[in-house]
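First up is the structure itself, then whatever we jot down about it.
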Amino acid sequence: MSDPRIGVVGATGAVGPVVLELLAERGFGQVRAFASQRSAGSTVPFGEGELEVEEATEDALATGDLDLCFFSVGTTLSSHLVPAAVRGGAVCVDKSSAFRLADGVPLVVPEVNGDRAPEHDGIVANPNCSTIQLVCVLDPLREAAGLRSVRIATYQSASGAGAESMDRLRSLPSAEGDVVMDWEFDGDESDEESKLRAETRKILELPDLPLSATCARVPVLIGHSQAVWVETEEPLSADQAREALAGAPGVRVAELPTAREAAGEDDVLVGRIRSDTAGEGLAMWVVCDNLRKGAALNAIQIAELLLARQALAA
Ligand SMILES: NC(=O)c1ccc[n+]([C@@H]2O[C@H](COP(=O)([O-])OP(=O)(O)OC[C@H]3O[C@@H](n4cnc5c(N)ncnc54)[C@H](OP(=O)(O)O)[C@@H]3O)[C@@H](O)[C@H]2O)c1
């Protein structure tokens, strides 16, 4: 299928416009934009032109005139709209957490477990933005020396919480930003922290991997940063880790990468790779554009992989 009929649902949010930008850059021509009733009839940029936004209803998505659908809406909406689009015959790449841990739904980062994508039954799930950048770095370390445990502290940008959160940050005087934990808590952990563990285990197919996370939101517009401590099964020096990461797809080793440097880039940047002075493992700093590789780019890479393998049918 050379030019699939594509729907972008959530086209007016934080992630949807990046999906549209990347689709236009890659030469996809048959693209439609969907959002809520509030946005229906408005326009969004697409390449040199624009698209009129259509209302995303179950009926509209089930009519059978889409081959591929990218969803960047919340979990509740995805859980209704995605099955409707699948009924209409579209393969759906969903960025919400509605299906990520469901049996039979591949949860895919192409550089890590792309082989799982064609196993879909109409839905491929895109992991949480923090999980994507983490597994891009963990997988080459696992290949080099096995993984014994992972500890992580995140510094996540406002855009990870959507367009409204970006607007809120933009409206604040720059001295008034705060570090917050704006997720749901279930006992000691936020849902973001438990998602990071469960999704990482599913993608790496390491169901018992010990992983402890503390996630925080920082007053940065785009780009998630992570301090990561890894213990490996076999000894792995900082130089060996740097070498393994330098050869990994989608990863770039940098000296002191910042969120600002990562914003607008496709690669996951990793730096400060060093021995953990408090333990036996390694410490490192990982940054990534959460709207690109953390969301839109990863989803499009999944679709391109399916197209290349002619696996765009449930
Ligand atoms: N932001 C990230 O870095 C990131 C990374 C990975 C995954 N995700 C996931 O991607 C999804 C979207 O994230 P986002 O950050 O782009 O959110 P967002 O900025 O809040 O955008 C939400 C989108 O959903 C649309 N929408 C809201 N209510 C709707 C309805 N009733 N019917 C149809 N469309 C509706 C909105 O359209 P209107 O403008 O018309 O309201 C908007 O286009 C979430 O599930 C999120 O967890 C986000």
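A short reminder: the numbers here are calculations on the coordinates, not readings from a lab. Computed from a prediction, not measured in an experiment: that's the story for all the values here. With ideal geometry, Cβ positions are generated from the backbone for all residues, glycine too; neighbour counts draw on all protein chains shown.
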Filtering the range 5-36 for residues that are more than 16 Å from the ligand (Cβ to nearest atom) and surrounded by 19 or more Cβ atoms within 10 Å (Cβ to Cβ) leaves a count of 1
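Conditions tested, residue by residue: (1) within 22 Å of the chain's Cα centre (by Cα); (2) part of a loop (DSSP other than H, G, I, E, B); (3) within 25 Å of Asn290 (Cα to Cα).
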| site | (1), (2), (3) |
| --- | --- |
| Ser2 | no, yes, no |
| Thr12 | yes, yes, yes |
| Glu21 | yes, no, yes |
| Phe34 | yes, no, yes |
